[in-house]
Structure formats: structure tokens, C-alpha cells
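Participant: Here it is: the structure, laid out below.
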Amino acid sequence: MTAEASNRRNGAKLFVRALENEGVRYIFAVPGEENLDLLEALRESDIELILNRHEQAAGFMAATYGRLTGRVGVCLSTLGPGATNLVTAAAYAQLGGMPMMMISGQKPIKSSKQGLFQILDVVDLMRPLTKYTRQISNANTIPAKVREAFRLAAEERPGAVHLELPEDIASEVAEPDTHIFQPSDARRPSASTKSLDGACDMISKARHPLIMIGAGANRKRVSQALIHLVNVTGIPFFTTQMGKGVVDERHPRYLGNAALSSGDFVHCAIDHADLVINVGHDVVEKPPFFMKPGGKQVIHVNFSAADVDPVYFPQHEVVGDIANSVEYLAERCGQCSSHDFSRFMEVKAAVDSHLAEKVDDGRFPVIPQRIVHDVRQVMPEDGIIALDNGMYKLWFARNYPAYDNNTVLLDNALASMGAGLPSAMMAAMLYPHLKVMAVCGDGGFMMNSQELETAVRLNLNLVILIINDNAYGMIKWKQSQEGFENFGLDYNNPDFVKYADAYGATGHHISRTEDLQPTLKRALTAGGVHLIEVPVDYSENRRVFDEELVKLTCNL
């Protein structure tokens with residue numbers, strides 16, 4: 001490269017300039033030699049490179065950044081195995097509606113002396129997992145491709161995008177007139193007045209309307225609009241797992257969380273409803289209930305139209321900006337004297353009574369109800385818990401009252417294990433003034449436990465609660481439900497206290513139930529990275545979910 005050319009922007013510098021233009025703050029990465037030009041460009045940038053220990057964790061952190069901020073999170077890998085390690089994170093962001101960009105390296109495409117070594121068609125691999133995936137084959141096209149990728153990642157419904165930057169394109173000098181494209185300030189369209197008035201008409205004619213809050217409603221403006229709607233109309237509400245906290249769950253009209261798809265107290269209310277106003281739920285998230293032909297009516301309020309599905313076929317759709325739609329309903333629908341919520345309030349009383357049971361149970365190993373209760377007691381109102389995937393997720397979804405949106409981070413779309421710790425790390429990075437706790441099973445924690453080193457290196461204030469049953473507990477519960485013998489799901493774990501200490505974190509083992517709450521409190525107060533292992537008694541799974549709920553909900 002000539003001296004004149006070196007003073008001009010190569011592809012890597014142009015790429016980083018385009019990322020800066022999009023307001024990127026962090027890139028989560030496990031780089032390889034194909035990324036070296038990009039690394040050099042980042043060295044001279046204000047964008048902070050966060051070095052992870054596995055690409056999957058980098059992707060989970062980028063996706064959670066998107067979830068919490070609404071802006072596109074960015075992660076980086078090399079070619080081949082580095083890119084394939086991003087696949088799970090791509091699906092996590094795509095199904096969960098989280099804006100995320102993946103950048104992967106590639107060998108030179110104009111000339112290569114290494115044959116097919118580590119070469120995969122990563123663009124084709126990412127196609128079913130993303131909204132947009134492209135290989136960059138000319139440095140001059142970088143700004144346009146970056147802008148298009150960011151536009152699609154953030155556009156409703158948000159999701160994952162991917163760009164592949166080959167090594168020779170990263171070093172290729174762009175033309176002097178290559179320019180950066182400014183982000184669009186386009187607003188989301190509002191729903192039609194006709195569809196909104198039709199929804200109001202259905203609400204006024206209903207006898208027992210009920211509001212369901214899903215993942216798509218997890219936005220500050222939507223939260224405020226929904227509180228207004230509930231207060232004005234008096235209509236009770238329940239949430240899906242990913243809709244937790246959109247409205248403060250201490251609200252007198254909150255009926256509970258549909259952690260299960262059927263057979264729980266909240267389903268007694270759903271069965272009684274003649275109209276469900278679905279705000280922000282779609283069929284990507286596990287169904288909170290099943291529709292049947294000739295059954296209750298459903299209004300779909302979302303950014304996009306409903307997917308056709310055998311268990312979800314709404315009779316009316318309000319498609320447009322959710323906050324605007326809900327605010328319109330609040331202003332125009334008002335209270336209706338024909339509404340009867342007495343049955344819903346009976347369900348609420350039963351739910352509240354049930355969830356108060358056994359919260360102070362002193363058995364050891366600790367039962368789930370006590371674990372959830374103790375965590376809620378030590379977490380401040382604005383504290384954030386990030387749940388991995390396992391049996392405890394059902395208990396926290398049902399039993400842990402959330403007071404604000406995005407204070408309970410869980411995934412019920414891809415429902416991948418291994419996401420809890422990286423998600424909590426991202427929350428701790430973004431909100432260092434808040435108390436943050438990762439709640440993981442022993443199985444899910446070990447899938448990305450190497451990120452303990454990253455958390456310590458970043459000087460995060462983070463508590464990691466490991467709920468330990470030395471098994472894949474949720475699958476054991478399902479195995480038992482279906483009448484199979486216990487087989488193939490038990491394993492051994494490391495000494496978690498020594499494991500934490502080896503990474504420079506502080507480890508704690510709970511050996512008495514009464515020690516759990518004070519240990520959690522001390523760890524949250526002390527700062528730094530703390531790992532707390534608590535043995536769990538999962539016999540309550542069968543007693544509550546398979547036996548007690550069947551009897552109680554049938555008699556309610």
C-alpha cells in the first residue's frame with residue numbers, strides 16, 4: 001500500500017466510522033486474525049471493545065444491550081468456528097425481538113492461498129436466523145450495508161442482522177468520495193382510526209374483558225400508556241413471562257403471570273374472559289393460553305400483524321405503534337358499566353393467597369418458594385434479575401413480583417440455557433448504580449461460566465445466584481410428568497466456591513436456609529462479583545404444578 005493510500009480510509013476504518021455514526025458504544029468480541037484490520041481501527045476509536053471468552057456470550061451481551069436500550073448491540077467474531085459460535089445468540093436475538101448486529105471475519109475473497117481451510121458459507125448459515133445477512137465484497141459499499149443492517153435490526157419487529165467483512169476488503173482502500181449515511185428519523189406508523197374504534201366497540205360490548213401484556217409491550221412509553229388504560233377502564237390484566245413488570249405487579253388489577261400454558265389460577269380468569277386484549281404478545285413467545293374455534297374473542301394490539309397459527313387467530317387487529325394505540329384506547333374507551341370483574345377478583349385473591357404459601361419454609365435444601373421470596377426481599381424496587389433457563393424460571397415468573405419493566409430479564413422465545421450470566425453482565429455494565437443479580441441453574445451457569453473472568457476484569461458489581469440440583473432439573477420434571485424412569489440427567493459439579501475464587505470472584509455456599517437472605521444482602525452491598533450457591537429441593541415441582549394446581553384450579 002502506498003503512503004498516499006494509507007492516509008485514506010481502508011474498509012475497516014470506514015466500517016468503524018459507520019458504527020460510530022450509528023452511536024455504537026461497545027463491541028463484544030472474540031477476535032481472530034481475519035479481524036486484525038478492524039481491531040486496529042477500533043483501537044483508534046471511542047467504541048469500547050469488550051473481550052469475551054466465548055462468542056456465544058458476546059452475542060448474548062450484544063442482544064441484551066439491544067433489549068435494554070432499544071439500540072443495536074454489536075458483537076464480533078472471526079470466520080468458521082467463531083461465526084458458528086454466534087448461531088445460538090443470533091436465534092436468541094431474532095426470536096426475542098432484540099436488535100443485534102453480528103460482524104464476522106472471512107479469508108480474502110479476491111485471492112486465497114489456503115484453500116477451504118475454515119471456510120464456511122456463513123452468510124447462508126445466518127439467513128434463516130436473521131433479518132438481513134450480507135458479505136461485503138467492496139469497501140465502497142460498507143456505509144450503505146451498515147446503515148441498512150442497523151435499520152432492519154431496529155425496525156419493528158427488532159432482531160438479528162449479520163455482516164461478513166473479508167480480510168482483503170477490510171484492508172482495501174475506499175474511494176475518496178465514499179460517504180457515511182445518516183440514521184433515519186422515521187417514526188413508526190400509527191394504527192388506523194377504524195381499527196382503534198373497532199377495538200373500543202368490542203371492549204364496550206364485552207362483559208368480562210381481560211388485558212394480556214406480552215414482550216412487545218416492554219417499552220417505557222407502552223408501560224405508561226398501559227397504566228393509563230388499566231386505571232381508566234378498570235380492566236384487570238395478566239402478563240406473559242416476557243411481559244413481566246411492564247405494569248407494576250403490585251397494581252390491584254394484576255392477576256398474575258401465565259408461566260404455564262394451562263392449568264394455573266390465571267387460566268381460570270382467561271377461561272372466564274369473553275374478550276382478551278392482547279398487547280404485545282406474538283406466537284414466538286411460548287403461548288400463555290390456547291385459542292379454540294368458537295371461543296373467546298381476541299384483539300391483537302402490536303407493531304405488526306398476527307402470524308396465522310392454530311392456537312392464535314385474533315378476530316380483530318390493531319397494527320401500529322403500540323403506545324399510541326393503547327393511549328387511544330385509554331382516551332376513547334373509558335369505563336363501561338356493563339363490565340363485570342368479580343370473577344377476576346376471586347382469581348386474584350386465590351393467586352395472592354397461593355403465592356404467599358411457604359415463603360418462610362425453613363427446609364433445607366431450600367424450596368423454590370423460599371428462594372424467590374428471599375431474592376425479592378433483598379432486591380430494591382429498581383434492581384434487575386436476569387434469569388437463565390431452567391425450572392426456577394417458572395417459579396420466578398409466577399412468584400416474583402416485578403415493579404418496573406426490564407427488571408426481570410428472562411427469555412421465553414428461544415429459551416436458551418447459558419444466557420443468564422451474560423445478560424446480567426450487560427445490565428451491570430449499563431446500570432452500575434443498580435443492584436443486578438444473575439439467577440442461574442447449575443447447568444445453565446456452566447454453559448458460559450468462563451465469563452466470570454470477563455465480569456471480574458470489567459470490575460462489575462454483580463451477584464450470581466446458582467440454584468444447584470446437580471441435574472438438568474426441568475427435563476427431570478418433564479421426564480417424571482410423562483411417566484419415564486429417572487435416567488440420564490444427573491451429573492456432578494465443581495466446588496463453586498473454589499471455582500469463583502479461582503477467577504477472582506468471591507464464592508459463598510449456603511448450608512442453612514436462614515443464611516440465604518443475609519448472604520444475598522451482604523453480597524449486594526459489598527460490590528464486586530459474588531457467586532452464591534444454594535442447594536434446591538425441587539420436590540415442590542411435582543407437588544405444586546402436577547398435583548396442587550390441578551385440585552385448586554378445578555375448585556376455584
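Participant: Inspect segment 369-385 for any residue being crowded, with 20+ Cβ neighbours inside 10 Å, basic (Lys, Arg) and closer than 25 Å to Pro518 by Cβ and give the result as yes or no.
Facilitator: Yes, segment 369-385 has at least one match.
Participant: What do you reckon, is Leu414 surrounded by fewer than 21 Cβ atoms within 10 Å (Cβ to Cβ), outside the structural domain of Pro158 (by TED's automatic domain parsing), at pLDDT below 95 and among the aliphatic types (A, V, I, L, M)?
Facilitator: yes
Participant: Additional query: How many residues, within segment 454-498, are charged (D, E, K, R), within 23 Å of Glu540 (Cβ to Cβ) and surrounded by 13 or more Cβ atoms within 10 Å (Cβ to Cβ)? Lay out the reasoning, then the answer.
Facilitator: Taking segment 454-498 and keeping what is charged (D, E, K, R), we get 457, 469, 476, 478, 482, 485, 490, 495, 498.
Now narrow it down to the ones that are within 23 Å of Glu540 (Cβ to Cβ): 469, 476, 478, 482, 485, 490.
Now restrict to residues that are surrounded by 13 or more Cβ atoms within 10 Å (Cβ to Cβ): 469, 476, 478.
Total meeting the criteria: 3.
Participant: Now for a different question. Looking for whichever is assigned by TED's automatic domain parsing to the domain that holds Ile227 and on the phi > 0 side of the Ramachandran plot here; the options are Gly295, Gly280. Which one fits?
Facilitator: Checking each option against the conditions leaves just Gly280.
Participant: Could I ask something else about it? Looking at Met425, Met437, Met417, Met429, which one is touching a residue at least 12 places away in the same chain (Cβ under 8 Å) and under 29 Å from Glu514 (Cβ atoms)?
Facilitator: Met437
Participant: Of all residues being free of Cβ contacts under 8 Å to residues at least 12 places away in the same chain and part of a helix (DSSP H, G or I) in segment 118-174, which is farthest from Ala18 (Cα to Cα)? Just the residue, please.
Facilitator: Within segment 118-174, the match that is farthest from Ala18 (Cα to Cα) is Pro128.
Participant: Before we move on, is Ala402 farther than 18 Å from Ala62 by Cα, among the small types (Gly, Ala, Ser) and surrounded by 17 or more Cβ atoms within 10 Å (Cβ to Cβ)?
Facilitator: Answer is yes for this residue.
Participant: So, one more: Can you pull out every residue in segment 221-252 that is hydroxyl-bearing (Ser, Thr, Tyr) and either over 18 Å from Phe341 (Cα atoms) or assigned to a helix (DSSP H, G or I) (or both)?
Facilitator: Matches in segment 221-252: Ser223, Thr233, Thr240.
Participant: Let me ask another. Any residue that is closer than 21 Å to Met391 by Cβ and outside the structural domain of Asp404 (by TED's automatic domain parsing) - is there at least one of those in segment 221-236?
Facilitator: no
Participant: Mind listing whichever residues of segment 186-209 are aliphatic (A, V, I, L, M) and out of contact with any Pro (no Cβ under 6 Å at 6 or more places or on another chain)?
Facilitator: Ala186, Ala191, Leu196, Ala199, Met202, Ala206
Participant: Mind telling me which of the residues Gln118, Gln135 ends up being farther than 22 Å from Ala62 by Cα and either of a type outside the set (D, E, K, R) or loosely packed, with under 15 Cβ neighbours inside 10 Å (or both)?
Facilitator: Every option except Gln118 fails the conditions.
Participant: Pull out all pairs, ordered by first then second residue, where Cβ-Cβ is under 6 Å, the residues are six or more apart or on different chains, the first lies in segment 358-372 and is in contact (Cβ under 8 Å) with a residue 24 or more places away in the chain, and the second is surrounded by fewer than 22 Cβ atoms within 10 Å (Cβ to Cβ) and in a loop (DSSP other than H, G, I, E, B).
Facilitator: Pro365/Asp537; Ile367/Asp361; Ile367/Asp537; Gln369/Lys358; Gln369/Val359; Arg370/Asp361
Participant: Has segment 470-478 got any residue that is among the hydrophobic types (A, V, I, L, M, F, W, C) and at pLDDT 95 or above?
Facilitator: Scanning segment 470-478, I find at least one residue that is among the hydrophobic types (A, V, I, L, M, F, W, C) and at pLDDT 95 or above, so the answer is yes.
Participant: Right, next: Considering only residues of segment 503-556 that are over 22 Å from Met474 (Cβ atoms) and among the hydroxyl-bearing types (Ser, Thr, Tyr), which is farthest from the chain's Cα centre (by Cα)?
Facilitator: Going through the qualifying residues, I end up with Ser511.
Participant: When you look at Phe265, is it among the aromatic types (Phe, Trp, Tyr) and either over 23 Å from the mean Cα position of the chain (by Cα) or at pLDDT below 95 (or both), yes or no? Steps first, please.
Facilitator: Values: among the aromatic types (Phe, Trp, Tyr): yes; either over 23 Å from the mean Cα position of the chain (by Cα) or at pLDDT below 95 (or both): yes.
In short, yes.
Participant: Let me ask you something else. What are the pairs, 6+ residues apart or on separate chains, where a residue within segment 62-79 that is closer than 21 Å to Leu165 by Cβ and buried (at least 24 other Cβ atoms within 10 Å of the Cβ) has its Cβ under 6 Å from a residue that is among the hydroxyl-bearing types (Ser, Thr, Tyr) and at pLDDT 95 or above?
Facilitator: Pairs that qualify, where the first residue is closer than 21 Å to Leu165 by Cβ and buried (at least 24 other Cβ atoms within 10 Å of the Cβ) and the partner is among the hydroxyl-bearing types (Ser, Thr, Tyr) and at pLDDT 95 or above, are Ala63/Tyr92; Gly73/Tyr65; Ser77/Ser104.
Participant: Might you let me know whether segment 305-322 holds any residue that is surrounded by fewer than 18 Cβ atoms within 10 Å (Cβ to Cβ), closer than 26 Å to Ala217 by Cα and charged (D, E, K, R)?
Facilitator: Scanning segment 305-322 turns up at least one residue that is surrounded by fewer than 18 Cβ atoms within 10 Å (Cβ to Cβ), closer than 26 Å to Ala217 by Cα and charged (D, E, K, R).
Participant: Could you list, in sequence order, all residues of segment 11-44 that are part of a loop (DSSP other than H, G, I, E, B) and under 21 Å from Ala154 (Cβ atoms)?
Facilitator: Glu22, Gly23, Val24, Arg25
Participant: May I ask you to list the residues in segment 285-342 that are under 24 Å from Arg253 (Cβ atoms), of a type in the set (Gly, Ala, Ser) and in contact with a strand residue (DSSP E or B) (Cβ under 9 Å, 6 or more places away or on another chain)?
Facilitator: Residue satisfying the conditions is Ser325 alone.
Participant: Quick one: in segment 206-247, which of the residues that are modelled with pLDDT under 95, of a type in the set (D, E, K, R) and more than 15 Å from the chain's Cα centre (by Cα) is farthest from Val319 (Cα to Cα)?
Facilitator: Within segment 206-247, the match that is farthest from Val319 (Cα to Cα) is Lys220.
Participant: Just to be sure before I move on: is Ala413 under 29 Å from the mean Cα position of the chain (by Cα) and outside any helix (DSSP H, G or I) in the structure I sent?
Facilitator: The answer is yes for Ala413.
Participant: Check segment 418-425 and report whether any residue there is surrounded by 20 or more Cβ atoms within 10 Å (Cβ to Cβ) and in a loop (DSSP other than H, G, I, E, B). Walk me through how you get there before you give the answer.
Facilitator: Looking only at segment 418-425, we keep the residues that are surrounded by 20 or more Cβ atoms within 10 Å (Cβ to Cβ), and these are 418-425.
If we keep only those that are in a loop (DSSP other than H, G, I, E, B) too, we end up with 418-419.
Taking every residue of segment 418-425 in turn, at least one turns out to be surrounded by 20 or more Cβ atoms within 10 Å (Cβ to Cβ) and in a loop (DSSP other than H, G, I, E, B).
Participant: Give me a count of the residues in segment 499-530 that are surrounded by fewer than 18 Cβ atoms within 10 Å (Cβ to Cβ), of a type in the set (A, V, I, L, M, F, W, C) and farther than 16 Å from Asn461 by Cα.
Facilitator: Going through segment 499-530 one residue at a time, the tally reaches 1.
Participant: List the pairs whose first member sits in segment 540-551 and is closer than 12 Å to Gln369 by Cβ, whose second member is assigned to a helix (DSSP H, G or I), and whose Cβ atoms are under 7 Å apart, counting only residues at least 6 apart or on separate chains?
Facilitator: Glu540/Pro368; Glu540/Gln369; Asn541/Met391; Asn541/Trp477
Participant: Could I ask something else about it? Is there any pair with a first residue in segment 470-483 that is touching a residue at least 40 places away in the same chain (Cβ under 8 Å) and a second that is among the aromatic types (Phe, Trp, Tyr) and part of a loop (DSSP other than H, G, I, E, B) whose Cβ atoms are under 6 Å apart and which are 6 or more apart or on different chains, and what are they?
Facilitator: If the second residue must be among the aromatic types (Phe, Trp, Tyr) and part of a loop (DSSP other than H, G, I, E, B), the pairs left are Gly473/Tyr538.
The values are calculated or read from the model by the stated rules, or taken from the named source; none is laboratory data. Just so it is clear, the structure is predicted and the values come from calculations on it, not from any experiment. Using ideal geometry, Cβ is built from the backbone for each residue, glycine included, and neighbour counts are taken over all protein chains shown.
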